[in-house]
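Engineer: Supplied in structure tokens, the structure appears directly below.
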Amino acid sequence: MERQSTVTPEGASAVRRLVGMAILALALCSALAAGTASADSRGFKVRNNSNNELTVAAAQRIVEAPCAGCSPATYEMAFEGRPKDQSTLKPGAIDDWELKHWFSLFNQGPHYAAELVYKINGTPAVVIWKIYTYNYSNESTCELHGELPVIVKFGCKAEGLKLDFHDASPVHATAAGAEPQTVAQFHHLAAPARRTFALAFMTKERVDPCTDGRTPLGDKAAEEAVDQVVALVKPGLADGAGGTIPGDAPVGLGIRLVLERDGC
């Protein structure tokens with residue numbers, strides 16, 4: 001005689017719950033795989049702590065290689081709120097940039113990114129912040145772009161969601177039209193200003209170690225060397241004989257010493 005199996009009402013209910021949970025889990029995994037789970041935003045705040053007005057010039061997509069040797073990628077850019085182009089950010093005011101983000105188990109790189117460009121009113125210079133959102137964190141950077149006598153008067157910061165524009169401290173602000181003459185003056189400049197000055201100096205002055213200092217560097221060679229120059233030209237830099245140069249040494253001497261370290 002065959003045995004017949006029976007399922008109690010409680011057992012049937014448990015089975016239905018298990019099936020429902022499995023379907024829900026499958027739907028969640030599909031959403032995560034597609035990268036569409038619960039879009040939201042993170043608020044990046046631009047605070048103008050200077051005495052100068054800023055104007056929103058543009059928000060632009062960021063195209064960059066996510067790793068050394070990787071092909072350049074264009075990151076998605078989308079906001080749930082942002083200031084309008086050509087709007088003014090007055091001293092003491094704050095702009096709110098609500099850059100979207102989403103969660104993904106399969107993409108650990110930036111999910112959304114944007115380049116925020118502000119014109120420094122009354123000058124030909126701009127300040128640029130780059131902002132990025134990840135699963136659980138946010139990143140940001142800032143740079144000043146323009147002629148050295150202008151940008152040394154200002155400074156910027158980027159600390160996660162906090163973006164700041166401010167007047168330069170007296171030690172950073174040189175007289176209008178002045179350029180650093182000594183290693184110490186060069187080292188006291190903000191990093192973007194050091195970079196601007198070093199690139200101009202290396203492509204105009206005779207510093208190329210491959211010609212024993214008879215010609216300037218080409219644009220490509222200068223770009224390859226500028227990070228080392230920005231980082232290493234400072235008081236106490238070692239010369240070829242193992243000694244050190246003081247802060248009042250000519251800035252050109254410091255740049256040449258760094259270039260000679262790498263040789264030709």
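Engineer: Pick from Ala178, Ala168, Ala173, Ala190: which is modelled with pLDDT under 85, within 30 Å of Gly109 (Cα to Cα) and of a type in the set (A, V, I, L, M)?
Structural biologist: Ala190
Engineer: Among the listed residues Glu147, Glu64, which satisfies the condition of being among the charged types (D, E, K, R), farther than 30 Å from Pro180 by Cα and at pLDDT below 90?
Structural biologist: Every option except Glu64 fails the conditions.
Engineer: Okay, next question. Any idea which of (1) at pLDDT below 95; (2) open to solvent by 40 Å² or more (accessible area, probe 1.4 Å); (3) within 25 Å of His188 (Cα to Cα) is the one Ala125 doesn't satisfy?
Structural biologist: (2)
Engineer: If we scan segment 159-166, do we find a residue that is without any contact (Cβ under 8 Å) to a residue 60 or more places away in the chain and touching a Phe, Trp or Tyr at 6+ places or on another chain (Cβ under 6 Å)? Before you say what the answer is, go through the steps one by one.
Structural biologist: First, the residues of segment 159-166 that are without any contact (Cβ under 8 Å) to a residue 60 or more places away in the chain: 159-160.
Cutting the leftovers down to touching a Phe, Trp or Tyr at 6+ places or on another chain (Cβ under 6 Å) gives us none.
Checked against the condition, which is being without any contact (Cβ under 8 Å) to a residue 60 or more places away in the chain and touching a Phe, Trp or Tyr at 6+ places or on another chain (Cβ under 6 Å), segment 159-166 yields no hits at all.
Engineer: Is it the case that segment 154-165 has a residue that's in a loop (DSSP other than H, G, I, E, B), modelled with pLDDT under 90 and surrounded by 15 or more Cβ atoms within 10 Å (Cβ to Cβ)?
Structural biologist: no
Engineer: For Asn48, state whether it is in a loop (DSSP other than H, G, I, E, B) and closer than 13 Å to Lys119 by Cβ.
Structural biologist: No.
Engineer: Report, by residue number, each residue of segment 178-212 that is open to solvent by 30 Å² or more (accessible area, probe 1.4 Å), out of contact with any Pro (no Cβ under 8 Å at 6 or more places or on another chain) and not in a helix (DSSP H, G or I).
Structural biologist: Ala190, Asp212
Engineer: Turning to a different aspect of this structure: Answer with yes or no whether Arg82 is under 21 Å from Asp164 (Cα atoms), at pLDDT below 95 and open to solvent by 30 Å² or more (accessible area, probe 1.4 Å).
Structural biologist: Taking the combined requirement at face value, the residue does not satisfy it.
Engineer: Okay, moving on. Quick check on segment 137-152: of everything there that is out of contact with any Pro (no Cβ under 8 Å at 6 or more places or on another chain) and in a strand (DSSP E or B), which residue is surrounded by the fewest Cβ atoms within 10 Å (Cβ to Cβ)?
Structural biologist: Here the answer is Thr141.
Engineer: While we're here: Considering each residue of segment 218-264, count those that are loosely packed, with under 15 Cβ neighbours inside 10 Å, in contact (Cβ under 8 Å) with a residue 24 or more places away in the chain and outside any helix (DSSP H, G or I), and give that number.
Structural biologist: Summing the residues that are loosely packed, with under 15 Cβ neighbours inside 10 Å, in contact (Cβ under 8 Å) with a residue 24 or more places away in the chain and outside any helix (DSSP H, G or I) in segment 218-264 gives 5.
Engineer: What tally of residues in segment 91-121 results from selecting those that are modelled with pLDDT of 90 or more and either open to solvent by less than 30 Å² (accessible area, probe 1.4 Å) or under 16 Å from Gly155 (Cα atoms) (or both)?
Structural biologist: So the answer is 13.
Engineer: Another question about this same structure. Would you mind telling me which numbered condition in (1) hydrophobic (A, V, I, L, M, F, W, C); (2) out of contact with any helix residue (DSSP H, G or I) (no Cβ under 7 Å at 6 or more places or on another chain); (3) not in a loop (DSSP other than H, G, I, E, B) Cys70 fails?
Structural biologist: Just one mismatch for Cys70, condition (3).
The values are calculated or read from the model by the stated rules, or taken from the named source; none is laboratory data. Predicted model, so just to flag it, every value in this text is computed and none were measured. Don't worry about glycine lacking a Cβ; one is built from the backbone with ideal geometry, like all the others, and counts go over all protein chains shown. We work out accessible area using only protein heavy atoms, side chains counted, and drop any ligands, DNA or RNA first. Shrake-Rupley method; radii C 1.70, N 1.55, O 1.52, S 1.80 Å.
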